[in-house]
Amino acid sequence: MEIADRLISIIMENTDYKYKIKPDTNLFTELNVDSFGKLMIINAIEDEFSIEIDEDDIEKFATVNEIIDVLKAKYI
């Protein structure tokens, strides 16, 4: 399974949003993810990929593509 597919699956499992999530979907404006939801998604990503994401990198996360870019550049 591709990174994007894995991330979309994680986001769907940790939000009430069950419609099509695309790589350019914004977690906050389109999915209404709050700070607790973001924390849940980050924890699930860390578990899925067996990594620990730096606080500075977490601040860059708004869309699926931004998460993918950071993960590919620094963690995977």
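Worth pointing out:
- Table column - 3J(HN,Hα) (Hz), the range 47-53, Karplus curve with 6.51, -1.76, 1.60, x for Gly and Pro: 5, 4, 9, 6, 9, 10, 8
- Net charge dipole size for the chain [Lys, Arg +1 and Asp, Glu -1 on Cβ; Debye, nearest 20]: 340 debye
- FRET efficiency, 1/(1 + (r/R0)^6) with R0 30 Å, evaluated for ILE76 and LYS20 via beta carbons: 0.80
- From phi via Karplus (6.51, -1.76, 1.60), per-residue ³J(HN,Hα) for the range 62-76 in Hz, x at Gly/Pro: 9, 10, 4, 4, 5, 5, 4, 4, 5, 4, 5, 6, 10, 10, 10
- Separation of alpha-carbon centers, the range 53-76 and the range 1-49, rounded to whole Å: 12 Å
- Listed residues ALA44, ALA73, ILE8: farthest to the positive end of the dipole of the chain (Cβ charges): ILE8
- Long-range amide H partners of THR63 with built H, under 5 Å: LEU27
- For chymotrypsin sites (Phe, Trp or Tyr not before Pro), the sites in the range 1-32 that DSSP calls loop and that have at most 10 other Cβ atoms within 10 Å are TYR19.
- Sites listed here are GluC sites (Glu not before Pro) in the range 20-76 whose DSSP assignment is loop and whose Cβ has at most 16 other Cβ atoms within 10 Å: GLU30, GLU52, GLU59.
- Looking at the chain, the trypsin sites (Lys or Arg not before Pro) that sit in a DSSP loop and have at most 13 other Cβ atoms within 10 Å of their own Cβ are LYS18, LYS20, LYS60.
- With contacts taken as Cα pairs under 8 Å at a separation of at least 6 residues, the range 3-75 carries a relative contact order of 39 percent.
- Checking (1) 37, 25, 17; (2) 28, 27, 19; (3) 64, 36, 16 against the coordinates, the calculated Cα extents along the principal axes in Å falls under label (2).
Computed from the coordinates by the stated procedures, all read-outs in this text should not be read as laboratory data. Everything numeric here is computed off the predicted structure, so don't read it as measured data. Cβ coordinates were reconstructed from backbone atoms using ideal geometry, including for glycine residues, and neighbour counts include every protein chain displayed.
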